[in-house]
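Asker: The structure under discussion is supplied below as structure tokens; questions concerning it will follow.
The values are calculated or read from the model by the stated rules, or taken from the named source; none is laboratory data. The model shown is predicted, which means the values in this text are computed figures rather than measured ones. Here the Cβ positions follow ideal geometry from the backbone for every residue, glycine too, while neighbour counts run over all protein chains shown.
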Amino acid sequence: MSSTINSSIDVALRTQLDYYGEGRYDLAEEVVTADYVDHEAPPGTPAGPEGANAVLRWLRGAFNDLSYQVKDAFGDGDRVAIRLITRGTHTGEFMGKPATGRSFEMEAIHLYRIENGRVAEHWAKRDDLALAHQIGLFE
């Protein structure tokens, strides 16, 4: 594996585990580009570090103990894929519903495009229906 791919994987893992996993708002300008686009963000979310922090506030507001366990991480050129287990407890409003105090665990795949040592774009595939069931949104 080339050092560029290893470096890209390191950037994606730092973003996923340190920034999102630990809620490190202070890392936004270090881990995402000025025009960063999160394709999974709620409508109207701005680009760049401001938008990344808005998503982080939204996630942490709903699940204040959010954590990630990486199962696989690999890259090809400027693209990185991370398969992980996401865990958390519903402690704040989510999808218009108040906190239920229930925990969830789901598998997700996050895709990143890396540009000059920072994340330029992010996509994710999750089982949001399972998440909603586990935290009791349909009860």
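Asker: Looking only at region 21-41, count how many residues are assigned to a helix (DSSP H, G or I), surrounded by 16 or more Cβ atoms within 10 Å (Cβ to Cβ) and touching a strand residue (DSSP E or B) at 6+ places or on another chain (Cβ under 8 Å).
Answerer: Residues meeting the conditions: 2.
Asker: Let me ask something additional. Every residue in region 68-101 that is among the charged types (D, E, K, R) and surrounded by 14 or more Cβ atoms within 10 Å (Cβ to Cβ), please.
Answerer: Of everything in region 68-101, those that are among the charged types (D, E, K, R) and surrounded by 14 or more Cβ atoms within 10 Å (Cβ to Cβ) turn out to be Asp78, Arg79, Arg83, Arg87, Lys97.
Asker: Additional query: Could you go through region 45-59 and let me know if any residue there is more than 15 Å from Thr15 (Cβ to Cβ), at pLDDT 95 or above, in contact with an Asp or Glu (Cβ under 7 Å, 6 or more places away or on another chain) and not acidic (Asp, Glu).
Answerer: Yes - at least one qualifying residue is present in region 45-59.
Asker: Right, next: Output the qualifying pairs, or none if there are none: Cβ atoms under 8 angstrom, residues six or more apart or on different chains, first residue in region 22-47 and closer than 22 Å to Ile109 by Cβ, second residue modelled with pLDDT of 95 or more and part of a loop (DSSP other than H, G, I, E, B).
Answerer: If the second residue must be modelled with pLDDT of 95 or more and part of a loop (DSSP other than H, G, I, E, B), the pairs left are Gly23/Leu66; Thr33/Asn116; Tyr36/Ala47; Val37/Ala47; Asp38/Thr45.
Asker: So Ala73 ticks every box in (1) closer than 20 Å to Glu105 by Cβ; (2) among the small types (Gly, Ala, Ser); (3) part of a helix (DSSP H, G or I) but one. Which box is left unticked?
Answerer: Unmet condition: (3).
Asker: Filter region 82-129 for residues that are of a type in the set (Gly, Ala, Ser) and within 17 Å of the chain's Cα centre (by Cα); which is nearest to Pro42 (Cα to Cα)?
Answerer: The residue in question is Ala124.
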